[in-house]
Amino acid sequence: MKNFWVILSVVIVILILLLSSVLYQVRETETVIVTRFGDPVRPETEPGLKFKWPKPIEVVYRFDSRSRLFDDIPEEETTTAGGEPIIVKSYAVWAIVDPGRFLTSVKDVKSAEDTLGTLLRNAQNSVIGKHYFSEFVNTDPAKTQFEKIENEIATEISDKALKEYGIAIKTVGIKQLNVPKDVTTKVFDRMKADRTRKKESILAEGRAEAERIMSDAQAKQKELLAVAARQAQAIRAEGDAQAAQYYEMLEENPVLAMFLRNLDTLKTILAEKTTIILGVETEPIDLLKGIPDLESKQKSSQAGK
């Protein structure tokens, strides 16, 4: 009985060793390449339990398929299209997408990042040399072209990284941008001159706008004065016409004219809340007693003449 358990244990161990030599697991964060006698034959990217021939027939190589940040590149001085020197430090986010090509070309992550660093430096120098300094440093943020420049660097290295090394470039960016001291002074002087030009331009526009507003105001003033003069002339003409009627009425019937004058005066007095103590015989208060006999007053006036 004791021999049976020993034999069973040995068989189980042998089975475990046999299964471990022909089975392997692919994790979700891994990409796997299987080689047969040293040649890549089968990439595996789907997670799960997989079968292979035992070593040395087939060998499994595992790589992390998650994105990696590579920024271990030193600052490097390069020249813009206008000849201004700038100091740039770039970075790249990359991932292994073709494990077979990656294994045969660079073999491991360290070698891959060394190769990627060379590609990145060459690309950044080439692309920056096509752009002017004002596209990196400018008082107007709308004129800076960082995103465009970063996309151009990524485009320049993406195809080669994928086709030759099995690497996908996710993102490329400029991590740090410095300017040499002698260039910094020139940049500040240029920025100061730009601001001075903008200030003068704004002041000139303000003066032009002020002159336009003043001209419009003077034109409106003349127009309003002309309208007021016409209205005053019309009022004077109307007053003269009314006065002429009163003069004519006064000549024809002085009593009626005086009556109408007293009536207008009484309207004016009664329109206000005014307290006046006068005799009832005082003109024009006597009108409150009743309408006078204009005809008799007219005859007495004519008889007096």
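The values are calculated or read from the model by the stated rules, or taken from the named source; none is laboratory data. Worth saying up front: this structure is predicted, and the values here are computed from it rather than measured. The accessibility values were calculated without ligands, DNA or RNA, using every heavy atom of the protein model including side chains. Shrake-Rupley method; radii C 1.70, N 1.55, O 1.52, S 1.80 Å.
Distance check, please: which entries in 143/170; 148/170; 148/175 exceed 18 angstrom between their Cα atoms? Intermediate results must be reported in sequence, preceding the final value.
On the way: 143/170 25 Å; 148/170 15 Å; 148/175 15 Å.
Checking Cα-Cα distances, 143/170 exceed 18 Å.
How big is the Rg/Rh ratio for the stretch 58-217, C-alpha atoms only, Rh by Kirkwood, two decimals?
Values: Rg = 23.0 Å, Rh = 18.6 Å.
Rg divided by Rh gives 1.24.
Over the Cα atoms of the stretch 126-188, what is the Rg over Rh ratio if Rh follows Kirkwood?
On the way: Rg = 14.6 Å, Rh = 13.5 Å.
Result for the stretch 126-188 is an Rg/Rh of 1.08.
As a test of reading the structure, rank 103, 49, 69, 23 by solvent-accessible area (1.4 Å probe, protein chains only), most first.
Values: 103 25, 49 130, 69 105, 23 60 Å².
Sorted by accessible area, descending: 49, 69, 23, 103.
Tell me, what % of the accessible area of the stretch 107-196 is carbon and sulfur with a 1.4 angstrom probe? Don't skip to the answer; put the middle values down first.
Working: 2590 of 5200 Å².
Result for the stretch 107-196: 50 percent of the exposed heavy-atom area is carbon or sulfur.
What is the pair-distance distribution P(r) of the stretch 48-129, computed from all Cα-Cα distances in 10 Å bins starting at 0, with each bin given as a whole percent?
Per 10 Å bin, starting at zero, the Cα-Cα P(r) for the stretch 48-129 comes out as 15, 36, 24, 15, 7, 4, 0 percent.
Please tell me which of these pairs span more than 27 angstrom C-alpha to C-alpha: 55/163; 89/181; 198/220; 89/110; 130/160; 160/181? Please list the in-between numbers first.
On the way: 55/163 29 Å; 89/181 17 Å; 198/220 33 Å; 89/110 19 Å; 130/160 20 Å; 160/181 36 Å.
With Cα atoms farther than 27 Å apart: 55/163; 198/220; 160/181.
Using the alpha carbons of the stretch 119-159, what is the convex hull volume per residue in cubic angstrom, as a whole number? Walk me through the numbers before you get to the answer.
Details: hull volume 2.2 nm³, N = 41.
Enclosed volume per residue, from the Cα hull, is 54 Å³.
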